[in-house]
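Beneath this line is the structure, given in structure tokens, with notes to follow.
The values are calculated or read from the model by the stated rules, or taken from the named source; none is laboratory data. All values derive from a computational prediction rather than experimental measurement. Ideal geometry is used to build each Cβ from the backbone, glycine not excepted, and the neighbour counts take in all protein chains shown. Just so you know, the surface numbers come from the protein's heavy atoms only, side chains and all, with ligands and any DNA or RNA stripped out. Shrake-Rupley method; radii C 1.70, N 1.55, O 1.52, S 1.80 Å.
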Amino acid sequence: MPRLLLLLAFLGVSTPLHAQSPLRWGGDSEGGAPFVEADPNDPTKMVGFDVEIAELVARRLGREAQFVQIAFSSLDQSARRGDFDIGLSGIEDIPARRASLAASLPYYEFREVITVRAADRGRFSSLAELRGRRVATLGGTMAYDLLLQAERDHGIVAVSYDDDVHPYSDLALGRVDAVLLDHVLAERAMRRTAGLFTHSAAVAIGHYIIITAPENTALRERVDDVLREAMRDGTLEAIFRKWQVWNDDQPRLYARLLETASAEPTRTESVDAGTPPGGGDRLSTALPRYLPSLLRAALITLVLSCASMALAVLLGVAIATGRVYGGPAIRAALTGYVEVMRGTPVLLQLFVIYYGVADVIRLPAFAAALLGLGLNYAAYESEIYRSALEAVPRGQLEAARILGLTRWQTLRLVRAPQAFRLALAPMTNDFVALLKDSSLVSVLTVVELTKQTQIFATNVGSWLVPGLLCAALYLAMSLPLSHVARRLEQRWKVVPS
């Protein structure tokens, strides 16, 4: 037995470092350059300065880096769940994040800057000058909180996006008047899109950090040690120079952090907005501020859903009627439409309607969302109505014909009323489904209920209360509809003779 223990001890000591468990790090590669993006030469590999920092941390901890794809808006929640060991993807240092996670010291200092069209560089250089204008940013960020504050102080219109690419493309198209985001993203956007200009003055100063689960304080300390060492030996500088994001702000940041090994992380400070970003709010103080926004977003969801359902019903009736009464060519064309709309994702259809045809027609976001949902659900509604029309007993149709009713009179007076009773229940189910699918339109910058809840949850560092509020609002909208539908079904149901 002693020999066995000695052998096991020897094997444990002699195990190579690469045999340890990999260091799983989370990031978002969707539109994530220069932080994290798929290598154009090999899409299976990730490149970016955050990729190199993650590999640096893993290497100095004697582990192998393993990338885990996580949506940017879900990084905090995934960190708390333990979906990865460390997370970095341009993650901002805000008090709410430090309160709910184990966060590293800052490794990069950025400036929140305003980007406008080149023709407007002399008109708009501050948030105050953008009164009444649409200003875009990435949702759930420090910049978004700055825009919410500017809505109250300067009367701008804050527009939230799910990625950092489309704000700048929409700026070039004229859908928004300015973009407020990190200077790293702004400089990349100007290289990618012609006709843009970024003001160098900082609206606010922020920092990128590495996050991990709140209980992983030991790992956080080791990550801090790696970052300090990389600051001293120039490794971080070399990485940032390679990606062309090194500037004079970084040496000053590193000097402050290295003055003492126990230095507290630099806090985010506001430069132009007048008050610190709201991302530091705790739930008790954030709830009164976000509740009106949730109620407005719920109203947007309800109006959008009702308008889209009305469009879907009108188109669905027309399609079903055409498929039942139309000639072969009409039936084939309408069947093709139904199969295409049902066979492709509604999210893809929304992207095509809003972004894909922007060079031909630039629909407002709400109009594109209404059209996309209406066209998609029209295909499903048409199948309900077609089957309901065909379920009406043929004897009644023959009786109507004997009585001398025209085809239109038979449809209007005999077939349609009975078909409506049959279609009511599935129509109600479709409306409730549409009410929930309306959350997809956030990709078109429509801030509906789910999107506003996501922003709320990100800024307070918890999904529990925002999620419960969101669920309650959805139930408040859907339950009355279900009750009305049941009453109508009860009233109009056929009583057996």
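Residues in segment 314-329 that are open to solvent by 40 Å² or more (accessible area, probe 1.4 Å) and among the hydrophobic types (A, V, I, L, M, F, W, C): Leu314, Leu315, Val317, Ala318, Ala329. Against the test of being closer than 21 Å to Phe456 by Cβ, under 26 Å from the mean Cα position of the chain (by Cα) and touching a residue at least 24 places away in the same chain (Cβ under 8 Å), the options Leu302, Leu375 yield a single qualifying residue, Leu302. For segment 131-139, the count of residues that are surrounded by fewer than 20 Cβ atoms within 10 Å (Cβ to Cβ), in contact with a Lys or Arg (Cβ under 8 Å, 6 or more places away or on another chain) and either modelled with pLDDT of 95 or more or basic (Lys, Arg) (or both) is nonzero.
Residues in segment 65-95 that are of a type in the set (D, E, K, R) and either assigned to a strand (DSSP E or B) or modelled with pLDDT under 95 (or both): Asp76, Arg80, Arg81, Asp83, Glu92, Asp93. Scanning segment 146-172 for residues that are in contact (Cβ under 8 Å) with a residue 40 or more places away in the chain, open to solvent by less than 30 Å² (accessible area, probe 1.4 Å) and farther than 17 Å from Phe366 by Cβ turns up Leu146, Leu148, Ala150, Asp163, Asp164, Tyr168, Leu171. Pairs meeting the criteria (first residue in segment 95-115 and touching a residue at least 60 places away in the same chain (Cβ under 8 Å), second residue assigned to a loop (DSSP other than H, G, I, E, B) and of a type in the set (D, E, K, R), beta carbons under 7 Å, at least 6 apart or on different chains) are Ala96/Asp281; Ala103/Asp93; Pro106/Asp93. Among the residues of segment 333-378, the one identified as of a type in the set (Phe, Trp, Tyr), buried (at least 20 other Cβ atoms within 10 Å of the Cβ) and under 23 Å from Gly322 (Cβ atoms) is Tyr377. A single entry from Ser442, Ser387, Ser438 fulfils the requirement of being in contact (Cβ under 8 Å) with a residue 40 or more places away in the chain and out of contact with any Lys or Arg (no Cβ under 7 Å at 6 or more places or on another chain): Ser438.
To keep it simple, each residue is scored yes or no on (1) within 23 Å of Lys45 (Cα to Cα); (2) within 18 Å of the chain's Cα centre (by Cα).
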site	(1), (2)
Leu61	yes, no
Ala65	yes, no
Glu92	no, yes
Ala103	no, no
Gly122	no, no
Gly132	no, no
Glu151	no, no
Val159	no, yes
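Pairs meeting the criteria (first residue in segment 480-497 and more than 13 Å from Phe431 (Cβ to Cβ) and modelled with pLDDT under 65, second residue surrounded by 10 or more Cβ atoms within 10 Å (Cβ to Cβ) and polar (S, T, N, Q), beta carbons under 8 Å, at least 6 apart or on different chains) are lacking. For segment 323-339, check the following and say yes or no: at least one residue is part of a helix (DSSP H, G or I), within 19 Å of the chain's Cα centre (by Cα) and at pLDDT 90 or above. Among the residues of segment 323-339, not one is part of a helix (DSSP H, G or I), within 19 Å of the chain's Cα centre (by Cα) and at pLDDT 90 or above, which makes the answer no.
Residues that are in contact with a Phe, Trp or Tyr (Cβ under 8 Å, 6 or more places away or on another chain) and touching a residue at least 40 places away in the same chain (Cβ under 8 Å) within segment 357-368 comprise Ala365, Ala368, listed in sequence order. Could you tell me whether any residue of segment 173-188 is on the phi > 0 side of the Ramachandran plot and either surrounded by 21 or more Cβ atoms within 10 Å (Cβ to Cβ) or among the aromatic types (Phe, Trp, Tyr) (or both)? The answer is no, given that none of the residues of segment 173-188 is on the phi > 0 side of the Ramachandran plot and either surrounded by 21 or more Cβ atoms within 10 Å (Cβ to Cβ) or among the aromatic types (Phe, Trp, Tyr) (or both).
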